[in-house]
1. Quick one: order LYS161, LYS186, LYS73 by neighbouring beta-carbon count within 10 Å, fewest to most.
2. Arranged by the count of other C-beta atoms within 10 angstrom, fewest first, what order do MET1, MET108 take?
3. Straight-line reach only, C-alpha to C-alpha below 20 angstrom: list the aspartates and glutamates that LYS73 could link to, leaving out same-chain residues fewer than 8 apart.
4. Post the alpha-carbon centroid distance, the stretch 111-146 to the stretch 1-17, in whole angstrom.
5. Compute the Rg to Rh ratio over the stretch 114-194 from the alpha carbon atoms, using the Kirkwood formula for Rh, and round to two decimal places.
6. If packing is taken as the mean number of other Cβ atoms within 10 Å per residue, what is the order of 54-65, 112-123, highest first?
7. Would you mind checking LYS58/LYS99; LYS151/LYS197; LYS45/LYS79; LYS79/LYS109 for any pair whose Cα atoms are more than 20 angstrom apart?
8. For each of TRP84, TRP15, count neighbouring Cβ atoms within 10 Å of the residue's Cβ, then give the residues from fewest to most.
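Any read-out appearing in this document is the output of simple, stated calculations on the displayed coordinates, not a laboratory observation. Worth saying up front: this structure is predicted, and the values here are computed from it rather than measured. In this analysis, Cβ positions are derived from the backbone assuming ideal geometry, glycine residues included, and neighbour counts consider all displayed protein chains.
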Amino acid sequence: MWNCVCKCGKTCVRWGANLRNKKVFHSCGCYNAKRIKEVQYINKKEFNEYEINDQEVKIFNEDKSDYVIIDLKWLDYFKNFHLWKDSDKSYWYIFKEDKNIPIHTIIMKSKEVDHKDRNLNNCKEENLRPVTHQQNCCNRKMRKDNQIGYKGVRARKDSSKFRAIVTANGIDYNLGSYNTPVEAAKAYDTGAIRYHKQYAQTNVSLGLYKNGENLDMNNFTDYLA
């Protein structure tokens, strides 16, 4: 146990393991209290400005620098709330029954929802699909702490080569070792399409190949069936 001083000046006690965890936001509790007040303030506001274009609606944030797209048939429902965007996850929320609820989960009536085009601002029904947690994980972007620059690629500690690994159903599949990160990235993409099918997030879809390197996705259409 450690005695810590929060940025607000208050002293608090924390476990050492939690302090070493970079994913945990460390505060005495003042950060969460501040966020709750901010959300409560946001949700006292009126419905956002919006534009109707045929059968879709753009709903803007306060300074109109960003917007979410929904189907026109959902407009009357969301008019009862103020929509806001989370700066961390980039999801759009409403505050309902004392909870922040992502609007895509309301539209699809599912806790786990995947954006097909990976654009979290596109919440039209045709772009959303209910998924399992495993399927949703397949479609995630590259981790921020990735030091190689390619998804599914790790540097080998026992050599100067690079290993491609894809995870499916809790199992890590070793796809071999390669001389360059690009070669390993291509191997990962092939494996991701084979195991994750239409939910695969590849280095190609992330736009990570450089110097004209690319992967012809037409070679792998059999895996998408």
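1. Result, fewest neighbours first: LYS73, LYS161, LYS186.
2. Lowest count first: MET1, MET108.
3. Once the sequence-local aspartates and glutamates are set aside, what remains near LYS73 is GLU46, GLU49, GLU51, ASP54, GLU56, GLU125, GLU126.
4. Using only Cα atoms to place each centre, the spacing works out to 36 Å.
5. 1.05
6. Final packing ranking: 112-123, 54-65.
7. Going by Cα-Cα distance, LYS58/LYS99 fall outside the 20 Å limit.
8. TRP15, TRP84
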